[in-house]
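The next block holds one structure in the form of structure tokens; read it before the comments.
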Amino acid sequence: MLLCARLRSDDTNASFEQRRVQSATRAYMVTMYDRTSSVKRSYPRNYNHEDDLKYTLEMCQWLLKPLGVWTLIYHRVSNLERAVSMIVLFLCFFTLFFLIVPTIYNVCYVEENVEVKVKLLGPIGFCVFSTVKYCYICAKRNPLGRCIEHVERDWRTVGDKDHRAIMLKQAGISRRLIIICIVFFYSGGMSYQTLMQFSSKLTQQSNVTVRPLSYPAFEFLDVQSSPTYEIVFFLQTVAALIVLNATIAAYSMTATFVTHICGQIQIQISRLENLIGERPGKKSFQERMTVIVNDHVEVLRFSKNVDEALCEICLTEIVASTLVMCCAEYYCLLEWRNSDMIAAATYFMLLTSFTFNVLIYCYAGQLLTDQCSQVGGASYNVQWYNLPARKANSFVLLEAISLYPPKLTAGKIINLTINTFGVVVKTSVVYFNLLRAVTDW
């Protein structure tokens, strides 16, 4: 009987604890959907937010405007700018059509040499996947617009100079990463489009000079005559710039949003570290804790929106990088065997670009998870044991939620982490060996 009574007592205590946790969870979830106006009004205003926002989004704006996408995702634009962007979108897709369609037709129905087909597989695969990412950016304009509005709101409401310095530091990191990506991709991509094609002397076939093109053109065009050759070459170069821009633009938004989230998390950690022991006369503990919880919820909501906006783009990037890295490895060894050092160096530069690109995507996902996990550690490291029990209980849910940090995923299928980068590299090597076997290396 004593055992039964003790078990009933334990069950009663357990059920009481369960009800208490459920009640606290419901209270926390209420804050997720009811951000009080008093908390909003308590924020000071950042009077430099226009310059800070421009500094944060400038690289994205430069990359998205030539694609005609910036006015689709940014709300403060005129109707004339929207009309111009529609025209730019049409011209971009027409140029991509002019590049992709004849190349695919040539690979599938015209070209019979397996080696030539394989040499076109990587470039056309990159163009197709970049076009898919371009389409996804256009289709995801509403989620991307919400993410930009959130970034704008954060810059407008930050008032503490230390918090602003944290955000500026993260914005500077994203800009440097984007610049590195631009240098890699434009140097490798444009070297393939121009330098590599003209590195060897023009060959003579039946007393006719053969002028090179990076991609096949439509069969009904006499591309060896002027000005047809110049027009086709110009359109192919513009198309190459578009696919490079689309790839870098997708990466730039990922880097900008993830580093912004990291900045917000570091601000919350700074607030937690200064939560206890502040001078009297400032806000009460409860008010400061309310700001931390509400802002943490906003960061989690923003992370969810970023994943929703970028998951398909990240999946396309993972698949494209695996395929293109495999082809680039094959092309490097092929040109090395053919003693064409300029072509080998160009392909090696492209291989480095794609490896760096997928690495940064995976690093961004890893950084997002690690930074959001640090909130739990920061809440544990404060001197909560010196607080009354009711106040100390406020840290329990922060620590519990930090155990399940947000993730950046590829199509809701693959979590982007450093381990994912290793898997992509190993998979590309496996496909490279398969490609060598198929082409009778």
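The values are calculated or read from the model by the stated rules, or taken from the named source; none is laboratory data. A quick note: this is a predicted structure, and the numbers were derived from the prediction, not measured. In this analysis, Cβ positions are derived from the backbone assuming ideal geometry, glycine residues included, and neighbour counts consider all displayed protein chains. To get the accessible areas, we keep the full protein, side chains included, count just its heavy atoms, and leave off ligands, DNA and RNA. Shrake-Rupley method; radii C 1.70, N 1.55, O 1.52, S 1.80 Å.
Tabulated data for the structure shown
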{"quantity": "Pair list, Cβ < 6 Å and 6+ apart or interchain, from segment 127-150 residues that are within 27 Å of P216 (Cβ to Cβ) to residues that are open to solvent by less than 50 Å² (accessible area, probe 1.4 Å) and hydroxyl-bearing (S, T, Y)", "calculated": "F129/T316; S130/T247; V132/T316; K133/T316"}
{"quantity": "Matching residues, segment 150-174, being within 23 Å of R76 (Cα to Cα), within 21 Å of the chain's Cα centre (by Cα) and surrounded by fewer than 19 Cβ atoms within 10 Å (Cβ to Cβ)", "calculated": "R153, L168"}
{"quantity": "Hey, S339 of a type in the set (S, T, Y) and not in a helix (DSSP H, G or I) or not", "calculated": "yes"}
{"quantity": "Single residue of I231, I242, I265 found to be assigned to a helix (DSSP H, G or I), surrounded by fewer than 17 Cβ atoms within 10 Å (Cβ to Cβ) and at pLDDT 85 or above", "calculated": "I231"}
{"quantity": "Test: residue in segment 38-46 that is surrounded by 15 or more Cβ atoms within 10 Å (Cβ to Cβ) and modelled with pLDDT of 90 or more", "calculated": "no"}
{"quantity": "The lone exception for V69 - which of (1) at pLDDT below 90; (2) touching a Ser or Thr at 6+ places or on another chain (Cβ under 9 Å); (3) β-branched (V, I, T) it fails", "calculated": "(1)"}
{"quantity": "Condition check for H75: not in a helix (DSSP H, G or I) and not aromatic (F, W, Y)", "calculated": "yes"}
{"quantity": "Odd one out for E112, checked against (1) modelled with pLDDT under 90; (2) open to solvent by 50 Å² or more (accessible area, probe 1.4 Å); (3) in a helix (DSSP H, G or I)", "calculated": "(3)"}
{"quantity": "Test for T209: is it over 28 Å from A364 (Cβ atoms) and at pLDDT below 90", "calculated": "yes"}
{"quantity": "Only listed residue being under 23 Å from the mean Cα position of the chain (by Cα) and within 22 Å of C92 (Cβ to Cβ), chosen from I265, I313", "calculated": "I313"}
{"quantity": "Some residue of segment 73-85 being surrounded by fewer than 17 Cβ atoms within 10 Å (Cβ to Cβ), touching a residue at least 40 places away in the same chain (Cβ under 8 Å) and not charged (D, E, K, R)", "calculated": "yes"}
{"quantity": "Residue in segment 184-195 that is at pLDDT 90 or above, of a type in the set (V, I, T) and part of a helix (DSSP H, G or I) present", "calculated": "no"}
